[in-house]
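Note sheet for the following structure.
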Amino acid sequence: MAVVENWLPPSRENWEWLCYVWQFFPLITAAQWLIDWYPQGKTSTESRWNVPGKLGWAVMESAGPVTLLYIFFTLPKELGIAELPWGNWTMAGCYIIHYIYRAVLSPLVLNPSMSPMSPLVCLAMLAFQVTNAISIGGYLSGYGPTSDTDYRWQGRAGWMFLGLVLWCWGLLGNMFHDDDLREIRRAADRRQRREAAEQNKPVQGIDKVYMIPKNGLFKYVLYAHYFCEWIEWSGWFMIGGLDCHPARTFLVNEISTMLPRALQGKRWYVEKFGKDKRYGTPKSAMAQGASTVSNNTLAAAVGPDEATVTEFKYTKHDTMVESCVFVFQVITVRSSTANNAADAWL
Ligand SMILES: NC(=O)c1ccc[n+]([C@@H]2O[C@H](COP(=O)([O-])OP(=O)(O)OC[C@H]3O[C@@H](n4cnc5c(N)ncnc54)[C@H](OP(=O)(O)O)[C@@H]3O)[C@@H](O)[C@H]2O)c1
């Protein structure tokens, strides 16, 4: 049953048209390079029409996986395809795993707080998600490869494996750096609660508490969580291969909207914390300075004691990265063995 005739799921003609038009999305985001107005997150503005941050993220980001799942389970039946190739399932699975994290766990379970956002941003992100999911969903559900023997899957086991590893690393990196930002607010929350208990002070809340992140790749890149997400979707594109144009368009469109947003964020940090701080500069000669800056900033916001506690926790985060490296080395060795075995078997 079609929810919207010829669109959900899409007819081939509509899907091809949408995929063509969707490539030009970076032209729309050109406006983001020119104007600083973006009423969401750090740059959110007060308005009675604002949507609560957590709810807004959960709703708009869920639109992608829900749309994709719907197309994935209805279009093949319409087209008379009995079974989709395992490569299609792999790509759909990766996409769904990402969005379980992004649309459910991150806003509704993990994030201590998220700034309210303008309904316009919410609608724009929703439109992005639905359009992108139709583009990807159409490809994976019948308009792309429809059998394991399709030339787009044949002889690509190595690339698919590499893409999968890159995708996993990107996702883990994105989660790790997201969590480093959460830790800043968790630390502020602990501090406030302790003071409330000790000094009978009211708990002010941790909305809009910001500090300069400093762990993991934040030492080198101010928007390390964005960077990791780009790695993740590059890996996903690698799984699909050069013929998988919806994966390429998704990657290009993400970068085209997130890069100007990151640069805008850098301007925001400079305005808030001053020009003399180091934002995501390489460790090398500046390591000591950057670390002191971060500690001072942290201490100023949450107090020296908490800064020390957080510093310890951050060290644990670095240990977490090492654990991830270890787990992935194990997976990589196991998978490559499995991969070789699969290749030998094929
Ligand atoms: N924005 C996009 O266009 C986009 C597109 C695709 C994927 N994503 C992914 O979605 C995730 C969230 O994106 P986003 O644009 O919302 O990222 P963000 O602006 O960095 O915010 C992420 C979360 O951390 C908090 N936060 C940010 N900087 C902080 C700091 N310096 N100190 C303390 N807390 C801080 C934010 O709180 P507030 O909300 O209160 O600022 C928010 O809860 C990222 O992993 C990103 O890769 C984003």
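The values are calculated or read from the model by the stated rules, or taken from the named source; none is laboratory data. Just so it is clear, the model here is predicted, and its values are computed rather than measured. A quick note on method: Cβ atoms are made from the backbone with ideal geometry, for glycine too, and the neighbour counts reach across all protein chains shown.
Overview of results
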item: Region 264-295, residues that are assigned to a helix (DSSP H, G or I), modelled with pLDDT under 75 and either exposed (fewer than 13 other Cβ atoms within 10 Å of the Cβ) or polar (S, T, N, Q) (or both); result: S284, A285, Q288, S291, T292, S294, N295
item: Residues being within 11 Å of the ligand (Cβ to nearest atom) and touching a Phe, Trp or Tyr at 6+ places or on another chain (Cβ under 9 Å) - total across region 186-217; result: 4
item: Among (1) among the acidic types (D, E); (2) away from the ligand (no atom under 16 Å from the Cβ); (3) part of a helix (DSSP H, G or I); (4) at pLDDT 95 or above - the single one D180 does not satisfy; result: (2)
item: Residue within region 47-61 that is more than 16 Å from the ligand (Cβ to nearest atom), under 20 Å from S256 (Cβ atoms) and in contact (Cβ under 8 Å) with a residue 60 or more places away in the chain present; result: no
item: Filter result for the condition that a residue is closer than 19 Å to W233 by Cβ, among the small types (G, A, S) and either in a loop (DSSP other than H, G, I, E, B) or within 16 Å of the ligand (Cβ to nearest atom) (or both), over S106, S115, S147; result: S106
item: Which numbered condition P26 misses (of (1) under 28 Å from G170 (Cα atoms); (2) within 21 Å of the chain's Cα centre (by Cα); (3) buried (at least 19 other Cβ atoms within 10 Å of the Cβ)); result: (3)
item: Tally, over region 179-233, of residues that are farther than 30 Å from R248 by Cα and among the hydrophobic types (A, V, I, L, M, F, W, C); result: 10
item: Where a residue in region 229-255 is in contact (Cβ under 8 Å) with a residue 24 or more places away in the chain and its partner, wherever it lies, is within 16 Å of the ligand (Cβ to nearest atom) and hydroxyl-bearing (S, T, Y), with Cβ under 6 Å and at least six apart; result: P246/S135
item: Some residue of region 82-98 being within 16 Å of the ligand (Cβ to nearest atom) and either aliphatic (A, V, I, L, M) or within 15 Å of L126 (Cβ to Cβ) (or both); result: yes
item: Verdict on V4 being of a type in the set (V, I, T), under 20 Å from M125 (Cβ atoms) and either within 21 Å of the chain's Cα centre (by Cα) or modelled with pLDDT under 95 (or both); result: yes
item: Residues satisfying the stated conditions in region 1-25, i.e. out of contact with any helix residue (DSSP H, G or I) (no Cβ under 7 Å at 6 or more places or on another chain) and part of a helix (DSSP H, G or I); result: E13, N14, E16, W17, Y20, V21
item: Test: residue in region 26-37 that is touching a residue at least 40 places away in the same chain (Cβ under 8 Å), polar (S, T, N, Q) and outside any helix (DSSP H, G or I); result: no
item: Failed item, numbered, when A92 is tested on (1) surrounded by fewer than 20 Cβ atoms within 10 Å (Cβ to Cβ); (2) among the small types (G, A, S); (3) within 21 Å of W7 (Cβ to Cβ); result: (1)
item: Scan of region 161-178 for residues that are surrounded by fewer than 19 Cβ atoms within 10 Å (Cβ to Cβ) and closer than 16 Å to G240 by Cβ, ordered by number; result: L162, V165
item: Residue list for region 45-86, restricted to those being assigned to a helix (DSSP H, G or I) and more than 19 Å from N132 (Cα to Cα); result: G53, K54, L55, K77, E78, L79, W86
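One line per residue, one yes/no per condition, for (1) under 14 Å from M175 (Cα atoms); (2) at pLDDT below 95:
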{"residue": "I206", "(1), (2)": "no, yes"}
{"residue": "V209", "(1), (2)": "no, yes"}
{"residue": "N215", "(1), (2)": "yes, yes"}
{"residue": "H225", "(1), (2)": "yes, no"}
{"residue": "C228", "(1), (2)": "yes, no"}
{"residue": "I231", "(1), (2)": "yes, no"}
{"residue": "M238", "(1), (2)": "no, no"}
